1. Residue under question is K152, and the condition is that it be away from ligand 1 (no atom under 16 Å from the Cβ) and surrounded by 17 or more Cβ atoms within 10 Å (Cβ to Cβ); does it hold?
2. Among the residues of the stretch 285-304, are any more than 30 Å from I100 (Cα to Cα), buried (at least 20 other Cβ atoms within 10 Å of the Cβ) and out of contact with any Gly (no Cβ under 7 Å at 6 or more places or on another chain)?
3. Return the residue satisfying two criteria in turn: it lies in the stretch 246-282 and is part of a helix (DSSP H, G or I) and either touching a Pro at 6+ places or on another chain (Cβ under 8 Å) or without any contact (Cβ under 8 Å) to a residue 24 or more places away in the chain (or both), and of such residues it is nearest to A136 (Cα to Cα).
4. Hey, among the residues in the stretch 236-245 that are touching a helix residue (DSSP H, G or I) at 6+ places or on another chain (Cβ under 9 Å) and not in a loop (DSSP other than H, G, I, E, B), which one's surrounded by the fewest Cβ atoms within 10 Å (Cβ to Cβ)?
5. Here is a list: K255, K248. Which entry is surrounded by fewer than 16 Cβ atoms within 10 Å (Cβ to Cβ) and closer than 22 Å to W166 by Cα?
6. Taking the stated definitions as given, is V233 in a loop (DSSP other than H, G, I, E, B), among the β-branched types (V, I, T) and within 30 Å of E288 (Cβ to Cβ)?
7. So T191 clears everything in (1) under 21 Å from I134 (Cα atoms); (2) free of Cβ contacts under 8 Å to residues at least 24 places away in the same chain; (3) within 16 Å of ligand 2 (Cβ to nearest atom) except one condition, right? Which one?
8. State all residues of the stretch 184-195 that are surrounded by fewer than 16 Cβ atoms within 10 Å (Cβ to Cβ) and of a type outside the set (V, I, T); if no residue qualifies, say none.
Amino acid sequence: MVNHFLHISDYSKEELLGMLHLAKEIKAKFHGKESYKPFKDRSLAMIFAKPSARTRISFETGFTWMGGHALFLGPNDIGVGKREAIKDISRVVSRYNDMIMARLFDHEHMIELAKYADSPVVNGLTDYNHPCQIMADILTVWEHRGHLDDLKITYMGDGNNIVHSWLQLASKFPMHFVCCGPEGFEPDETTVKMVEDSGISTFELSHNPKSAVNGTDVIYTDVWASMGQKDEVEAREKLFADFQVNEKLMDSTGKETLFMHCLPAERGREVTDGVMEADYSIVFDEAENRMHAQNAIMVSLIEN
Ligand code: CP
Ligand code: NVA
């Protein structure tokens, strides 16, 4: 059977920790300018149905640095689910390439792509989740705090794909995860239930920013309207206004709190310019770690 990386919750805590340790080792090699070529003579097909900066750049740069060749296939190249059946694309692309990374709208399309692929598929975001991002996020928290014990993460905003991957992580790693946003924008109930049933972490749904951030280690936010919802930006601006991460909120936690954002950020909407630029903002370490976390994920997929 082919291994894929589609959901964090498909892996055990030990496997995830193994990937994070490997990410730290690979990061040290990268910074030490060591030669590391596990993907020599291999190729990665990168299929994008949505725009991207970090995902495209980090996968392409990472795979190339590790000795391979990465091909960018944009929204007009493949037309996933439009030009031909996904199960056909899947088998064709995996005949040519050793690995596939895909960013798609419909999560079911990702599942189908993986089902028919003879090469490992890495999920580079769907409307439902973004597992590579949250692997990079937890690596970044680990680096900044030195441990992952007694972690409280408060997510402010829309209960979206980022939240679902955090919840899937919370079903493996113990934490107190709070999702705080306006009513009607809660995360998927089945995914919340996954955390509750796991008995590993505490999940709290909040509509009150002040109490949600009390004693938190991290305040995390994301855009209020995700890719595919940009026509809702103005309507959402009013609904989400009370959930903006600003200096006042960051200063009200009663603790030294880190600020995180998966990026791209819409400065002045979900986060102020001042918070993005503050010393407690670790958004660029987080963005850098996308590459190291993904490199470790890809190496783990070919080794197992
Ligand atoms: N965080 C993230 O996935 O960024 P891009 O959309 O730019 O790839
Ligand atoms: N929730 C955002 C994440 C971008 C990395 C989106 O899907 O657009």
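The values are calculated or read from the model by the stated rules, or taken from the named source; none is laboratory data. The structure displayed is predicted, hence computed values, not measured ones. Here the Cβ positions follow ideal geometry from the backbone for every residue, glycine too, while neighbour counts run over all protein chains shown.
1. So K152 passes the test.
2. Taking every residue of the stretch 285-304 in turn, none turns out to be more than 30 Å from I100 (Cα to Cα), buried (at least 20 other Cβ atoms within 10 Å of the Cβ) and out of contact with any Gly (no Cβ under 7 Å at 6 or more places or on another chain).
3. Out of the qualifying residues, it is M276.
4. Looking at the filtered set, the residue picked out is D242.
5. K255
6. Criteria not met by V233.
7. So T191 meets the others, but not (2).
8. Across the stretch 184-195, the qualifying residues are G184, E186, E189, K193.
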